[in-house]
Amino acid sequence: MKLVRKDIEKDNAGQVTLVPEEPEDMWHTYNLVQVGDSLRASTIRKVQTESSTGSVGSNRIRTTLTLCVEAIDFDSQACQLRVKGTNIQENEYVKMGAYHTIELEPNRQFTLAKKQWDSVVLERIEQACDPAWSADVAAVVMQEGLAHICLVTPSMTLTRAKVEVNIPRKRKGNCSQHDRALERFYEQVVQAIQRHIHFDVVKCILVASPGFVREQFCDYMFQQAVKTDNKLLLENRSKFLQVHASSGHKYSLKEALCDPAVASRLSDTKAAGEVKALDDFYKMLQHEPDRAFYGLKQVEKANEAMAIDTLLISDELFRHQDVATRSRYVRLVDSVKENAGTVRIFSSLHVSGEQLSQLTGVAAILRFPVPELSDQEDDSSSEEDE
């Protein structure tokens, strides 16, 4: 993301002009734009024209519109963002108050104005404009006959390809059908890796599977690379890292990212930090439940006691339509930071973010046990039972 201009007043009203440069920047834009904002961007409008003879025709004309945002739609697979709203600035082709949908796309500038820029949104702009936050991890999660090729960016886990091949069972004295199908499966996975993974950007490619599938696949891939003199695979051999996963499904990627060997390789990436924070929370919940809270009310009470060491919160909560509710989450984040706590904002499109959403989207690891809060929770639940 490129920041062209930033004009924000002391009362936090103002506007920023940005240029999304990569597909992932569209996800950041989706998290920046909120209902009630004003968005100015170039768009195409179908305009009816009447000639001197009275015949009516229509032309598609490129024009710049300023909309008051009413609805936002994001397609995570195509990384496309559509913003619907009413025109709020005079335009020769579009009447004031007329509805229009702007489709934001990479490498096209837009200006976003808000009455109130909060700290969470400003921090997201900082992160999006920092090149160090770009995608740097790829993963092949596989089992016999099924593989998912994923890109793990700082903000989301994108499934780039799914390979499925029916593998017949081994038969006594005849394994040829099984072996041929397995070879065909491996070949399709290799082709998918070369098609969807940019080796010049990616630092590490995880190959995760149960059993010996990953070892057999890597042996096959590099044997074929030597035979065919595939320099792309041979030169990047050191980037492949084999780790255990319980299956070939996408959700198994979390296990792979938790692996200590992976964590050391990816220690500087946001994705690994989120996964570790969630893993620490689950361990704390199991061994010291008085130091692991989830749910907004409980986490707010822990914050009042200045007990929060790490706050885990889903970015989904900052897209809440109700301004008061959204402000409540922003105040929580600001307060934890003021009290020297760490804040981890999880992407709802990331595997770790999906898991956090199942825990209400907000959780906290505490500096010290706060048993009275747990007791209050128990008392209130027992009162409800009565």
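The values are calculated or read from the model by the stated rules, or taken from the named source; none is laboratory data. What you see is a predicted model, and the numbers here were worked out from it, not measured in a lab. Virtual Cβ from ideal backbone geometry, glycine too; neighbours counted across all protein chains shown. Heads up: the accessible areas ignore ligands, DNA and RNA and are worked out on the full protein's heavy atoms, side chains in. Shrake-Rupley method; radii C 1.70, N 1.55, O 1.52, S 1.80 Å.
Of note:
- Under a 5 Å amide H cut-off, with hydrogens placed 1.01 Å from N, C79 pairs with nothing among residues at least 5 apart or on other chains.
- Extension gain (nm, one decimal) between T64 and V35, 0.36 nm per residue minus Cα-Cα: 8.5 nm
- Full extension of the segment from C175 to Y251, taken as 0.36 nm per residue of separation minus the current Cα-Cα distance, would add 24.2 nm.
- Accessible area per residue (1.4 Å probe, heavy atoms of protein chains only) ranks R195, R60, R237, R214 as R60, R195, R237, R214, with the largest value leading.
- Cα-based shape type of segment 216-328, given that a ≥ b ≥ c are square roots of the gyration tensor eigenvalues and the cut on a/c is 1.5: prolate
- Amide proton proximity set for G248, modelled H, under 5 Å, gap of 5+: Q143
- The ellipsoid equivalent to the alpha-carbon distribution of segment 6-76 has semi-axes of 33, 16, 11 angstrom, derived from the gyration tensor eigenvalues as √(5λ) and listed largest first.
- Cα centroid of segment 302-362 to Cα centroid of segment 162-205, whole Å: 40
- Length available on full extension from E103 to K162: 0.36 nm per residue minus the Cα-Cα distance, which gives 18.4 nm.
- 18 Å Cα-Cα reach of K301 towards lysines, excluding residues that sit fewer than 8 places from it in its own chain: K337
- Range of Cα positions in segment 31-118 per principal axis (Å), largest first: 54, 31, 20
- With a simple spin-label model that places each label point 7 Å from the Cα along the Cα-to-Cβ direction, the separation between D73 and A340 comes to 5.0 nm.
- Sorted from greatest to least, the principal axis extents spanned by the alpha carbons of segment 61-204 come out as 79, 32, 23 Å.
- In Hz, Karplus ³J(HN,Hα) per residue of segment 32-45 (6.51, -1.76, 1.60; θ = phi - 60°; x = Gly, Pro): 8, 7, 10, 4, x, 6, 10, 10, 10, 7, 6, 8, 10, 10
- Solvent exposure, largest accessible area first (probe 1.4 Å, DNA, RNA and ligands not counted), of D315, D75: D75, D315
- From the largest down, the chain spans 82, 74, 42 angstrom on the principal axes of its Cα atoms.
- Within segment 138-253, the ratio Rg/Rh, alpha carbon atoms throughout and Rh by Kirkwood, equals 0.97.
- Label-point separation, I88 to D11 (7 Å along Cα→Cβ), nm: 1.5
- Table column - 3J(HN,Hα) (Hz), segment 204-219, Karplus curve with 6.51, -1.76, 1.60, x for Gly and Pro: 8, 10, 7, 10, 10, 6, x, x, 9, 4, 5, 5, 5, 5, 4, 4
- Solvent exposure ordering (accessible area, 1.4 Å, most first) of Y251, Y294: Y251, Y294
- Greater than 18 Å apart at Cα, pairs in K46/K95; K162/K231; K2/K203: K162/K231; K2/K203
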